[in-house]
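The values are calculated or read from the model by the stated rules, or taken from the named source; none is laboratory data. Note that the structure is predicted; figures quoted are calculated from it, not measured. Cβ placement follows ideal geometry from the backbone for every residue including glycine, while neighbour counts extend to all protein chains displayed.
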Amino acid sequence: MGKGRMTPSINRISRSALRCVCVCSIAVAQLCSSVTVAQENRPDFTGVWTVYRSGDGAPAFAAGPRPSFTSGAQAKVETYQRVTANTNHSPGAYCVGTGMPGSMLGSGGYPMEIMQRPEQINITYEAHGEMRRIYFAERVANPNDVWPERNGYSVGRWEGDTLVIETGHLVEQVDQAYAHSAEARIVERYRLSIEDGGKKVITASLTMTDPLFLTEPFTTEKKWQAVPNGRLMTYECAEPQWLDVLERLTTQDSAGSN
Amino acid sequence: MNLMRSLIPIVMTVVVASKAHAHHSAAQFDFQKPVNVTGIVKVARFSNPHAKLILEITDDSRGKRDIEFEGHSRNNMYRQGLRPEMMAVGDEITIRIAPMRDGSDGGYVTAFITVDGKAIGNISAAD
């Protein structure tokens, strides 16, 4: 078998392979291009955001009415308020996060950070380092296999350029301004806009429904503005207590050894 | 000199809602009557959710004593310009506080002037 007979075959194979590679490359490129376009059509919320301030510098806090409670819920809220009135007892005093929807609507005026990927978005509220994870498509867990939490479990989807987040699997909470039962469901709708001057703004509407606590859906809105190249700080809320304990132990040790 | 007479009253409108301190009730502090206090730093712990400051204060009526103050969080102070090297034990500083409503020692620190004269927070205006 001589080289001369092999060459045409190899050439044919090479040409076929080359054609295949080219066709596949074009197909992949088209696929990638379509994916890129689809992603590009979705706004990117990645970044650090703080409470929106209007032209006069005044911060814009969540507006709208407070939830309208059922009589049973009102009684629970009043009990909570009565037992904690004129005390320093609150979730924050024990380094416990606010929970939804208070974490999104309040967060003590601290900034938040959003990290966005196609399959998951993480939102970190600096206060108490509260983090929400919003899952998409295949990342969404079996709803029967989710442990309820103060910030619930959130599933995201896109409606055009609007990010829609539905949150359930909450726990009953009377220890925040937006008290709710474990049956509450929250729908948030996030839109990105750019004001004159280039300021990036997130506007989010929030609607909470709750068959046990609310007489009607509670709806409000919140706005944030981008903090260019902003950074969140850690929030080690329990550090002072630990340092006090360590100091006491060290003092006791010193006293014992003297 | 009596402590309360040594405090410089500053009548201001305090916009409490604009502050980042949603951690416990601030009912014991009178944000409507901020005052400035000068003392020697004994303890300066900048942490979350609140800072802890112990200053050695001297006045005519009760003499020299240590008074503990609470304050804005480390994160809040950082964004107002505070850096770790700016305050040390032994420094004489002036703090702006919301005093205790019952008149007892202590208060909530909203701003201060470091030993080098740098103002952290708004030492002379509303928060």
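Quick check on region A:224-240. Is at least one of its residues assigned to a loop (DSSP other than H, G, I, E, B) and buried (at least 19 other Cβ atoms within 10 Å of the Cβ)? Checked against the condition, which is being assigned to a loop (DSSP other than H, G, I, E, B) and buried (at least 19 other Cβ atoms within 10 Å of the Cβ), region A:224-240 yields at least one hit.
If you take the residues in region A:190-244 that are acidic (Asp, Glu) and within 14 Å of chain B (Cβ to nearest Cβ), which one is nearest to A:LEU170 (Cα to Cα)? Give the steps one after another, and end with the answer.
Narrowing region A:190-244 to residues acidic (Asp, Glu): A:195-196, A:210, A:216, A:221, A:236, A:239, A:244.
Filter once more, keeping what is within 14 Å of chain B (Cβ to nearest Cβ): A:236, A:239, A:244.
Numbers: A:GLU236: 24, A:GLU239: 28, A:ASP244: 34 Å.
Among residues in region A:190-244 that are acidic (Asp, Glu) and within 14 Å of chain B (Cβ to nearest Cβ), the one nearest to A:LEU170 (Cα to Cα) is A:GLU236.
Using the structure shown, decide if A:VAL83 is outside any strand (DSSP E or B) and within 14 Å of another protein chain (Cβ to nearest Cβ). The answer is yes for A:VAL83.
If you go through region A:182-214 and keep only what is of a type in the set (Ser, Thr, Tyr), surrounded by 14 or more Cβ atoms within 10 Å (Cβ to Cβ) and in contact with a Ser or Thr (Cβ under 8 Å, 6 or more places away or on another chain), you end up with A:TYR190, A:THR203, A:SER205, A:THR207.
Look at region A:102-123: where a residue is modelled with pLDDT under 95 and a partner is part of a helix (DSSP H, G or I), sitting 6+ places away or on another chain with Cβ atoms under 6 Å, you get A:SER107/A:ALA127; A:GLY108/A:ALA127; A:TYR110/A:ALA127. Counting the residues of region A:193-220 that are over 24 Å from A:ARG53 (Cα atoms), not aliphatic (A, V, I, L, M) and not in a strand (DSSP E or B) gives 6.
Filtered by the rule that a residue be within 14 Å of another protein chain (Cβ to nearest Cβ), more than 13 Å from B:LYS52 (Cα to Cα) and of a type outside the set (D, E, K, R), region B:82-118 gives B:LEU82, B:PRO84, B:MET100.
Evaluated against (1) surrounded by fewer than 21 Cβ atoms within 10 Å (Cβ to Cβ); (2) out of contact with any Leu (no Cβ under 9 Å at 6 or more places or on another chain), B:SER73 falls short on exactly one condition, (1).
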